[in-house]
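Undergrad: Below: one structure in structure tokens.
The values are calculated or read from the model by the stated rules, or taken from the named source; none is laboratory data. Values in this document were obtained by computation on a predicted structure and should not be read as measured data. All Cβ positions, glycine included, derive from the backbone under ideal geometry; neighbour counts span all protein chains shown.
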Amino acid sequence: MARTPLSMTPTGWFQVAWSPEIAVGAVHTMKYFNREMVAWRSASGKVSVFDAYCEHLGAHLGHGGRVDGENLVCPFHGWEWNSQGRNVCIPYEKHPNKGRRIRSYPVVERNEAVWIWFDVDGREPYFDVPDIFADFGDGKTAADYYPPIPASTLYRPGLEIHPQYIMENGVDFAHFKFVHGTPFMPEFTRHDFGGPVSYVDFTIAFDEGATLEAATSGVESINAGLGCSVTKSWGMLDNRTMPAVTPVDDRTSDVRFTVWIGRKAGEDGPEFDGVMTDYGKTMAGFVIEQFENDIEIWAHQRYSDPPALSRKEFKGFTALRKWAVQFYPDGGPAGGDPERPYSGAVVKGHA
Ligand code: FES
Ligand SMILES: [Fe+2]
């Protein structure tokens, strides 16, 4: 096990749940970014995410807190908090406490998932969670795919993985052959690291004997910060995937992976609305298996900085790591590797 030297409080959008996990009226307890949090869904369906502790005397709202209409009611003295975390009622006073506010996080529900915006400095979101259908601009919608939840998901909590490790897959052409068994090393056709949302496309095939020159299939991906990406395949098994890595504490992250499999002919009528079939499940299993192969590496890897890159790898990795720096509010990766402090780099705080 190797603790990452990268900051575990990067800025961006991070998945904290799948939407169906938080029913109307539910108060869901969780821990991310070293903070106890609650997610709750109001009567009108709006999800809010708060720090877990009541601003009155500190009760944990996830233990006995309840939803009343559009407010969250504390179990200790009944104070009511609205979706912005503002106190709107003290049951035994004429007026609420207008000054106190529970820290709330911007929430977006998209692609069947609940995302929070995390920024240590409290800045408002400056980029968006991509839409796994609309943002690929090919006219496809969720109705063209089997419903992914719950049968077509993977949840691996508490792994020693940093979100950046997953993003590095987007420049790591050499791993596909060894980790995913592809017959050739994919070629990247697009690397756009110009903004906080980056775009990475590559040609890839899984069929034995396929060659790069003759390849007629590939993957496009949209990466919104380090925690959120969506991919679309073309020319092969019609699938879209959404890997999401959310830091829990200084060492670990929860990993979620959601897979949409394109409906096959005969399974696209209204009688299949909301139905996952054996075919869909089997295909999703293949895609999830590939992702699990990656996880096996990521969960035990030591972040190498500076890495020993081959000539062909240099440009892509350098661009990716430069892009990643913008999400670290403390100015970037924390210097050298704490597991290897004499590698020549300076470890922050130990100059
Ligand atoms: S601690 Fe929440 S109302 Fe008193
Ligand atoms: Fe991979």
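Residue-wise test of (1) within 16 Å of ligand 2 (Cβ to nearest atom); (2) surrounded by fewer than 16 Cβ atoms within 10 Å (Cβ to Cβ); (3) under 23 Å from the mean Cα position of the chain (by Cα).
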| site | (1), (2), (3) |
| --- | --- |
| K140 | no, no, yes |
| P163 | yes, no, yes |
| I166 | yes, no, yes |
| T216 | no, yes, no |
| G235 | no, yes, no |
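Undergrad: Kindly provide the set of residues from the range 81-90 that are over 22 Å from R35 (Cβ atoms) and within 11 Å of ligand 1 (Cβ to nearest atom), ordered by number.
TA: C89, I90
Undergrad: Now a separate question. Going by what's in this entry, would H77 be described as of a type outside the set (A, V, I, L, M) and more than 26 Å from D254 (Cβ to Cβ)?
TA: It is true that H77 is of a type outside the set (A, V, I, L, M) and more than 26 Å from D254 (Cβ to Cβ).
Undergrad: Can I ask one more? Filter the range 51-65 for residues that are in contact with a Lys or Arg (Cβ under 7 Å, 6 or more places away or on another chain) and within 12 Å of ligand 1 (Cβ to nearest atom) and give the result.
TA: E55
Undergrad: A further question on this structure: Checking G64 against (1) loosely packed, with under 14 Cβ neighbours inside 10 Å; (2) among the small types (G, A, S); (3) closer than 19 Å to C228 by Cβ, only one condition comes out false. Which one?
TA: It fails just one condition, (3).
Undergrad: Kindly list the number of the only condition in (1) among the small types (G, A, S); (2) farther than 24 Å from T252 by Cα; (3) in the same structural domain as T241 (by the TED database) that fails for A134.
TA: (3)
Undergrad: Scan the range 33-45 for residues that are surrounded by fewer than 21 Cβ atoms within 10 Å (Cβ to Cβ) and touching a residue at least 40 places away in the same chain (Cβ under 8 Å) and report the count.
TA: Residues meeting the conditions: 3.
Undergrad: Could you pull out the residue among E124, E93 that is within 15 Å of ligand 1 (Cβ to nearest atom) and assigned to a loop (DSSP other than H, G, I, E, B)?
TA: Within the list E124, E93, the selection yields E93.
Undergrad: Please state which one of I297, I288 is touching a residue at least 60 places away in the same chain (Cβ under 8 Å), farther than 25 Å from P10 by Cα, in the same structural domain as V219 (by the TED database) and not in a strand (DSSP E or B).
TA: Of the residues listed, the single one that is touching a residue at least 60 places away in the same chain (Cβ under 8 Å), farther than 25 Å from P10 by Cα, in the same structural domain as V219 (by the TED database) and not in a strand (DSSP E or B) is I288.
One line per residue, one yes/no per condition, for (1) at pLDDT 95 or above; (2) more than 20 Å from the chain's Cα centre (by Cα):
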| residue | (1), (2) |
| --- | --- |
| M185 | no, yes |
| G194 | yes, yes |
| A210 | no, yes |
| A224 | yes, no |
| T246 | yes, no |
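Undergrad: D68 passes all but one of (1) farther than 24 Å from W117 by Cα; (2) within 12 Å of ligand 1 (Cβ to nearest atom); which number fails?
TA: Unmet for D68, out of (1) farther than 24 Å from W117 by Cα; (2) within 12 Å of ligand 1 (Cβ to nearest atom): (2).
Undergrad: Scan the range 55-82 for residues that are touching a His at 6+ places or on another chain (Cβ under 9 Å) and without any contact (Cβ under 8 Å) to a residue 40 or more places away in the chain and report the count.
TA: Total satisfying the criteria: 8.
Undergrad: Okay, moving on. From the list E267, E271, which residue is within 30 Å of T141 (Cβ to Cβ) and modelled with pLDDT under 95?
TA: Sole residue among the options that is within 30 Å of T141 (Cβ to Cβ) and modelled with pLDDT under 95: E271.
Undergrad: Residue by residue through the range 145-201, note down the ones that are touching a residue at least 60 places away in the same chain (Cβ under 8 Å), in a strand (DSSP E or B), farther than 22 Å from N293 by Cβ and not hydroxyl-bearing (S, T, Y).
TA: Selection gives H191, V197.
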